[in-house]
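Presented below is the structure to which this report refers.
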Amino acid sequence: MSLSHLDALFRPKSITVVGASNRPRSIGSVVIKNLLHENFSGPILPVNPKYTAVGGILAYPSVSELPLSPDLAIVCTPPETVPDYIQALGRKKAGAVLIMSTDLEQLRDESTGLNYRDLSLKHARDFSMRILGPDCLGLIIPRSGLNASFAHTSVLKGEIAFVSQSDSLGIAVLDWAKDRGIGFSHFISLGDYADIDFADVLDYLGGDPYTSSILLYIEDIRNARKFISAARSASRNKPVVVIKSGQLEETIQPSTLPAGTPVEWDDIFDALFRRAGMLRVYNVAELFDSVETLARAKPLRGDRLAILSNGRGPAVMAMEILLKQGGHLAPLTEKTTAKLGSDLENEFTGTNPIRLKDRAASEAYAQALESLIKDENVDAVLVIHIPTAFTSSEDIAGAVVNAIGRSRKNIFTVWLGEKETAQARRIFALAGVPTYETPDQATQIFMDMVRYRRNQEMLMQTPDSIPKEFTPNPDTARAIINNALAENRSRLNQAETNEILSEYRIPVVETRIVENAEEAALMAREIGFPVALKVLSSELRSKYQAGGVAMDLESEEDIIKAARAMTLRIETNNPDIKLEGFIVQKMARRPGAQELLLGMTSTPDLGPVILFGQGGPAARVIRDQSVGLPPLNMSLANEIIQQTRIAKILKGFQGQPGVDVKSIRLTLVQLSQLTIDLPEIKSLSINPLLADVSGVMVLDARIVVQKSAGADQLRLAIQPYPEHLEEEVSLKSGEKILLRPIRPEDEHSHAEFINSLSQEDIRMRFFGIVHTFSHSQLARYTQIDYAREMAFVATSGSQGRLKTLGVVRTYFDPDNTFGEFAIVVRSDQKSQGLGTILMDKMIRYCRDRGTGELMAYTLRENRGMQALAKKIGFTVRASKDDPETVELRLRLRED
């Protein structure tokens, strides 16, 4: 169902409360009381056959006897009555229903076999009603005077939206926020979210002008693809901060990954949040601190922090947290060091943190801060003050505010103490300067900002569907997999696995497969000594643990002896394991190489995920790994690497040279592309991948396959740039142009395109005069989610000097029942047939994706658009809602 149905929930003009009551402490009584207390401006209509009035308002005996169709219905009746009330509300044409009733899943309807939760949802969908809940605390929108909840406290107005799955945490947050003067634009309890979920709410709040930031408390996500699509869209417009419970949830144990190295669900959600441009935090205080800071923060350039303090202990505390979380102390320039040395005389040690005298006056703080702000190596400054009897905390706070002035750098302040520093904190609050109670709190928020900046950079990445760094051969790889599936095999043998990796240009050690020890000895002579010998068995989870690996064998005798010992050991310890032969590999002499683990596994809802970490036999003990979501490019691959502890070792340490990290990044991209191209691969493990200064080499790998519906990229949580939709066409003039999906890097050319439009064309496209478009608006137009919208641009010119000639854009409703399009062509490109070309491209695309109908609204005076629509086959008729507009519709499929 479309988001337009949510207006009845979030902007209701009338409300009915089914189950309203005068009985003290009942939900129906509390809800009526809260609605009346907030002075909701529309009619409130209680429904309860037991009362003639509830809370002093006329009550109605049934839904059918209501004098109007309510926008919002609140149901707080016993669970056995809920499905019938939903049907009655549907017949009354209610817009949305908020169900507070509990235990609906415990009851079952005999005629349909559905539990009452699902039955209620079915009835609602029959009438195109949306449901919030069941089993939820309710909904509060202070700006609208709406408190449709059984919360015990009122809520202040603000610009923060809070969405929670937990009623108990929601109540606690309301209490916590009110004590601290924090207000909300929306407070939304999802409850059991039978219908309206996080994705629906994110879509709505992402476009809400009264919401500046969004907070989420998540226990589980049932439709991860829908969630990440909505989250990426909302995160492009405003900060989204999330707490996810369940860090100790079950793990995924793919059959090919080494025993003891499971992929944890929490790691997967971490990757999801990062890729969606969201910030994850771990407690309520950090949740609100971070969102308030992000909402007011200036652009952050990096993670280099300068610490200025009149006390050593608090500065050291801040420094330790900074370094532990991967931040850096800003290396001061010589100019800054000289200036501080001159200003602070003998007190300055020449290093960061910058230590002031215990009794340092306001002038010393101001001079030091001004120098740090001017330093190009400093990305942000943390100013710490410990109150003393010799100076005024308020005076120093005022000096700091004045020193900041109009600086574009982020300045954080910590004035330790309670009553003695309360006035100083008020000075900072009035000046809009972030201030915190402790150094660890301030440093944590700085690192949250650093992580948020990185996540936002990841959000802007749109990897290609076809890589440019290498040329794979998916057809050969697919033939190998199909052959195995035709033989009813789910595990590929070593030769097949190595060949598939080679087809994706992943370097693999020279390998031979043999049936017995004697053949192994002959093959080793051909390859050249020394060699490694491994048992071959698709049933073994770990060759190392089973004693099936022997390294550095120098002769045929060594090979035969090792093979016999392995066979005896496995037959004794694992009598049920079937041995299929031996693997002979050339020993890779790479002193100082690091052993890494790469993998891929498919999850039920998120599709495939990529794993990276420290490899070798100790991988299961060390558990140093990170997870990423395909598709990947080199930048995103690097981000996955940097999430691990071994990333620091890869750079080199204690005289050891660093490895070729670029080749590791490329291998991750190659693994990502293999994942995209070959949906039949259920899981893949490379362990170890040797990495050193000369590159990478796969020593061992496994692949498990299964039958697939096809190479449908919709199984991916994030859609890659759809390069296959690019096509070259000709204008009437004969000029050849490129039609392609829009990309994030089109922002500059898109701005030039909009600036080239005449005021009349802008008015026709945007239904009014728009003088300028901000960066965030342009980002919204160019950084799109291909799963939920499509924009085709017509471009001409060479790379680096591309010119946008026109664009057609369509937004699809969540159910793909319709798409709403808009089209605009450069004012100097009219009469070239470009409008028809763009519309034809979009119609073909919509038909291919199964969209039911294509529609648009245009101004009545826009005769050119109406003529184009009629020519293509649209029906054109006056809008019922607005006499100034006409409606264009084209059926694409019959349901």
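What to note about this one:
- Some residue of region 403-418 being at positive phi, in contact (Cβ under 8 Å) with a residue 40 or more places away in the chain and open to solvent by 10 Å² or more (accessible area, probe 1.4 Å): no
- For region 164-187, the condition of being among the aromatic types (F, W, Y) and farther than 20 Å from V31 by Cβ holds for at least one residue.
- Residue match in region 650-661 (condition: in a helix (DSSP H, G or I), under 21 Å from K324 (Cβ atoms) and open to solvent by 30 Å² or more (accessible area, probe 1.4 Å)): no
- Reported count of residues in region 832-852, each being closer than 15 Å to V807 by Cα and not in a helix (DSSP H, G or I), is 2.
- Screening L632 on (1) over 27 Å from the mean Cα position of the chain (by Cα); (2) in contact (Cβ under 8 Å) with a residue 24 or more places away in the chain; (3) under 28 Å from R541 (Cβ atoms) shows it passes everything except condition (1).
- Taking the listed residues A88, A94, the one that is outside any loop (DSSP other than H, G, I, E, B), among the small types (G, A, S) and either on the phi < 0 side of the Ramachandran plot or open to solvent by 30 Å² or more (accessible area, probe 1.4 Å) (or both) is A88, with no other qualifying.
- Near pairs, Cβ below 8 angstrom, 6+ apart or cross-chain, from region 804-829 (under 17 Å from F874 (Cβ atoms) and of a type in the set (D, E, K, R)) to any residue that is in a helix (DSSP H, G or I) and modelled with pLDDT of 90 or more: none
- In region 538-561, the count of residues that are part of a helix (DSSP H, G or I), more than 41 Å from the chain's Cα centre (by Cα) and hydrophobic (A, V, I, L, M, F, W, C) is one or more.
- Test: residue in region 263-281 that is of a type outside the set (D, E, K, R) and at pLDDT below 85: yes
- Among the candidates N498, N455, residue that is of a type in the set (S, T, N, Q), over 24 Å from V705 (Cα atoms) and in contact with a strand residue (DSSP E or B) (Cβ under 7 Å, 6 or more places away or on another chain): N455
One line per residue, one yes/no per condition, for (1) buried (at least 20 other Cβ atoms within 10 Å of the Cβ); (2) touching a Ser or Thr at 6+ places or on another chain (Cβ under 8 Å); (3) in a loop (DSSP other than H, G, I, E, B):
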{"residue": "E105", "(1), (2), (3)": "no, no, no"}
{"residue": "A124", "(1), (2), (3)": "yes, no, no"}
{"residue": "I131", "(1), (2), (3)": "yes, yes, no"}
{"residue": "A161", "(1), (2), (3)": "yes, yes, no"}
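- Some residue of region 55-62 being assigned to a strand (DSSP E or B) and among the aromatic types (F, W, Y): yes
- Any chance I703 is open to solvent by less than 60 Å² (accessible area, probe 1.4 Å), β-branched (V, I, T) and part of a helix (DSSP H, G or I): no
- Answer residue from region 562-608, given it is polar (S, T, N, Q), over 43 Å from the mean Cα position of the chain (by Cα) and open to solvent by less than 70 Å² (accessible area, probe 1.4 Å) and is modelled with the lowest pLDDT among those: N574
- Counting the residues of region 1-58 that are in contact with a strand residue (DSSP E or B) (Cβ under 6 Å, 6 or more places away or on another chain), open to solvent by 50 Å² or more (accessible area, probe 1.4 Å) and either small (G, A, S) or free of Cβ contacts under 8 Å to residues at least 60 places away in the same chain (or both) gives 1.
- 2 or more residues free of Cβ contacts under 8 Å to residues at least 12 places away in the same chain and more than 19 Å from L9 (Cβ to Cβ): qualifying helices (runs of 4 or more DSSP H) within region 167-248: 167-179
- Filter pass, A360 being buried (at least 21 other Cβ atoms within 10 Å of the Cβ), outside any helix (DSSP H, G or I) and touching an Asp or Glu at 6+ places or on another chain (Cβ under 9 Å): yes
- Of residues in region 321-357 being outside any helix (DSSP H, G or I) and among the β-branched types (V, I, T), the one surrounded by the most Cβ atoms within 10 Å (Cβ to Cβ): I354
The values are calculated or read from the model by the stated rules, or taken from the named source; none is laboratory data. Everything numeric here is computed off the predicted structure, so don't read it as measured data. All Cβ positions, glycine included, derive from the backbone under ideal geometry; neighbour counts span all protein chains shown. Accessible surface is based on the protein model in full, side chains and every heavy atom, while ligands, DNA and RNA are left aside. Shrake-Rupley method; radii C 1.70, N 1.55, O 1.52, S 1.80 Å.
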